[in-house]
Structure formats: structure tokens, C-alpha cells
1. Output the qualifying pairs, or none if there are none: Cβ atoms under 7 angstrom, residues six or more apart or on different chains, first residue in the stretch 191-206 and outside any helix (DSSP H, G or I), second residue open to solvent by 30 Å² or more (accessible area, probe 1.4 Å) and not hydrophobic (A, V, I, L, M, F, W, C).
2. Here are the criteria: (1) modelled with pLDDT under 95; (2) crowded, with 18+ Cβ neighbours inside 10 Å; (3) not small (G, A, S). Tell me which single one T145 does not satisfy.
3. Are any residues in the stretch 62-86 assigned to a loop (DSSP other than H, G, I, E, B) and either out of contact with any Ser or Thr (no Cβ under 8 Å at 6 or more places or on another chain) or among the charged types (D, E, K, R) (or both), and if so, which ones?
4. Within the stretch 121-142, how many residues turn out to be of a type in the set (S, T, N, Q) and open to solvent by 100 Å² or more (accessible area, probe 1.4 Å)?
5. Might you check whether a residue that is polar (S, T, N, Q), without any contact (Cβ under 8 Å) to a residue 12 or more places away in the chain and either touching a strand residue (DSSP E or B) at 6+ places or on another chain (Cβ under 9 Å) or outside any helix (DSSP H, G or I) (or both) occurs anywhere in the stretch 109-125?
6. With the structure loaded, tell me whether I14 is assigned to a loop (DSSP other than H, G, I, E, B), modelled with pLDDT of 95 or more and within 22 Å of A105 (Cα to Cα) or whether it fails that test.
7. For the stretch 154-182: of the residues being among the β-branched types (V, I, T) and in contact with a Leu (Cβ under 7 Å, 6 or more places away or on another chain), which is farthest from Q133 (Cα to Cα)?
Amino acid sequence: MMNKNVPIGFSQFIKRAWLDFTVHQKLEGHSPIKVRAALDHFLADQVSVGSNARRNSRQRAISILSKLWLNVPQPLDSFREEGLTQFKKNPENIRIAVHWGMAMATYPFFATGAENMGRLLKLQNEVSTVQLQKRMREKLGERETVTRATRQLIRCWTEWGILIEGANKGVYQVAPPINIDSQLTTWLLESALLASQEQSANLHNLVNHTPALFPFHLSSDYFTPNERLETFSQGVNETGVTFRQPPAEPSK
């Protein structure tokens with residue numbers, strides 16, 4: 001079903017080093033204003049070099065990085081804080097999973113792109129930019145912005161080590177899956193549930209049949225409820241995962 005109301009948002013090429021820099025600045029306790037200033041300095045010789053335009057590519061990149069880690073929507077505060085903890089806990093080769101989860105939770109366009117890439121990769125070993133762009137236009141409308149932003153997504157995923165360009169230009173294979181064998185499993189599954197905008201899901205399906213998590217190998221053995229998620233029985237030998245209900249407000 002087409003949904004033209006999904007905002008693009010994630011429309012800029014973002015390097016993994018920029019994501020890491022933003023998180024390190026946040027972990028050092030700097031305010032969002034200071035982190036954005038540090039990002040502007042850090043990116044000055046990499047993006048829009050010599051430009052002081054208010055909405056140049058560097059400023060758009062900083063806006064994306066800010067929404068990912070600095071100015072998340074209030075309902076995602078706790079989720080973001082645990083993401084920062086998971087970033088500290090996990091080795092460098094795993095940390096891209098944390099950025100992926102934040103992007104899934106904060107940018108519907110990113111989540112839609114990841115879902116469609118995952119679906120295509122289940123059908124075939126290689127996926128072209130043109131194929132993913134076609135899927136995304138079918139979902140989000142025949143907009144040139146969708147085509148351009150999808151191309152940038154693929155550039156990001158290649159630079160992040162998620163995709164590998166094949167023998168033919170513009171055709172990609174998925175890199176060997178990243179094995180997630182810790183509490184990061186729960187957090188990544190939560191990101192998928194947030195992206196789906198569903199209140200609950202079957203745990204087995206969430207682990208094994210979530211196309212948007214195609215870069216990762218997950219196991220339900222590592223799922224543990226947290227302050228936001230709980231489990232419930234769902235038929236014989238089936239477990240469901242749902243968001244905890246907020247405590248009821250006292251009656252006046």
C-alpha cells in the first residue's frame with residue numbers, strides 16, 4: 001500500500017565516522033548546541049567545503065545526526081539512553097547495529113528502505129539500486145526525492161559495511177551478517193517494533209521474519225524484557241512481545 005505521507009528526512013549521505021563522532025560527543029556530556037558546533041567543525045573539510053550557506057549539505061547532515069542522537073522525540077528518550085549504553089558496551093564492529101536501530105526508530109523512510117531491501121535480499125542474492133528505488137516509489141509515491149534519497153541510503157549502507165558492491169556497478173550483495181548475542185538483541189527488536197508502529201508482535205516472527213533487520217543474525221535466546229518491553233503467552237509455546245502500558249494516572 002502506498003503511503004505518500006512518509007517524510008523523507010534521511011536524505012543525505014552519512015558516514016559511519018560521523019555517527020560515531022556524534023555519539024562520543026553526546027557521551028562526553030556536551031549539550032546539543034555544543035555537539036552541533038563540534039560537528040560543524042568536524043565536517044568542515046568533508047562536506048560543503050568552504051560553504052557558509054544556511055542549508056548546505058553539511059547542515060542537512062548535522063540535522064540528521066542531531067535527530068538520531070541529540071534531539072530525539074520525547075517518547076524515545078529512554079530508548080535513546082539505552083542505545084548510548086549499548087554503544088559503550090559493545091565492541092566497535094557491533095556498534096553499527098546501534099546506529100541502525102536509532103535510524104529505524106527515528107526515520108520512517110530509513111525503516112521503509114531497510115524493510116524493502118531485506119525483502120528483496122530474501123528473494124535474490126543481489127539487489128540493484130534501480131530495483132530498490134522502484135520498490136520505494138511504489139510504497140512512497142513517484143517522487144524524485146524518493147529516488148534520490150534511496151540512492152543515498154544505499155551509499156550509506158555500503159560505507160557502513162552493510163552492503164558490498166558486486167561485479168556490476170549499482171548492484172549489491174549483503175555483507176556477512178553481524179552476530180548479535182547480547183542484550184542488544186532486545187534493543188534492536190524494540191527498534192523494529194517502534195518502526196512498525198505496532199504495539200506488540202510474536203517474538204519468533206520479530207526475530208526471524210523482520211526484513212529490516214537483514215544485516216544482523218539474532219536469536220530469541222538473548223531476548224530479555226526491559227523497562228519498556230514485556231512478554232506474554234500467545235497460544236501454545238508461543239511468546240508475544242508488547243510495550244509495557246504506562247501506569248494509570250491517579251483519578252482526581
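The values are calculated or read from the model by the stated rules, or taken from the named source; none is laboratory data. Keep in mind the model is a prediction, meaning the values are calculated, not measured. Cβ coordinates were reconstructed from backbone atoms using ideal geometry, including for glycine residues, and neighbour counts include every protein chain displayed. Quick note on the areas: whole protein, heavy atoms, side chains included, nothing else; ligands and nucleic acids left out. Shrake-Rupley method; radii C 1.70, N 1.55, O 1.52, S 1.80 Å.
1. Listed by first residue and then by second, the contacts come to N202/Q234; N202/E238.
2. For T145, the exception is condition (2).
3. Keep residues of the stretch 62-86 that are assigned to a loop (DSSP other than H, G, I, E, B), which gives 70-73.
Passing the criteria: only N71.
4. Narrowing the stretch 121-142 to residues of a type in the set (S, T, N, Q): 124-125, 128-129, 131, 133.
In the following step, the residues that additionally are open to solvent by 100 Å² or more (accessible area, probe 1.4 Å) were identified as 125.
Qualifying residue count for the region: 1.
5. Within the stretch 109-125 (the criterion being polar (S, T, N, Q), without any contact (Cβ under 8 Å) to a residue 12 or more places away in the chain and either touching a strand residue (DSSP E or B) at 6+ places or on another chain (Cβ under 9 Å) or outside any helix (DSSP H, G or I) (or both)), the answer is yes, since at least one residue qualifies.
6. Numbers: assigned to a loop (DSSP other than H, G, I, E, B): yes; modelled with pLDDT of 95 or more: yes; within 22 Å of A105 (Cα to Cα): yes.
Yes, satisfied.
7. Start the filter on the stretch 154-182 by keeping residues that are among the β-branched types (V, I, T), which leaves 154, 158, 162, 164, 171, 174, 178, 180.
So of that shortlist, the ones also in contact with a Leu (Cβ under 7 Å, 6 or more places away or on another chain) come out as 154, 174, 180.
Details: I154: 10, V174: 17, I180: 29 Å.
Result: I180.
Residues checked against (1) modelled with pLDDT under 95; (2) surrounded by fewer than 15 Cβ atoms within 10 Å (Cβ to Cβ); (3) over 21 Å from the mean Cα position of the chain (by Cα):
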| residue | (1), (2), (3) |
| --- | --- |
| R151 | no, no, no |
| G166 | yes, yes, yes |
| I178 | no, no, no |
| S200 | yes, no, no |
| D221 | yes, yes, yes |
| N226 | yes, no, no |
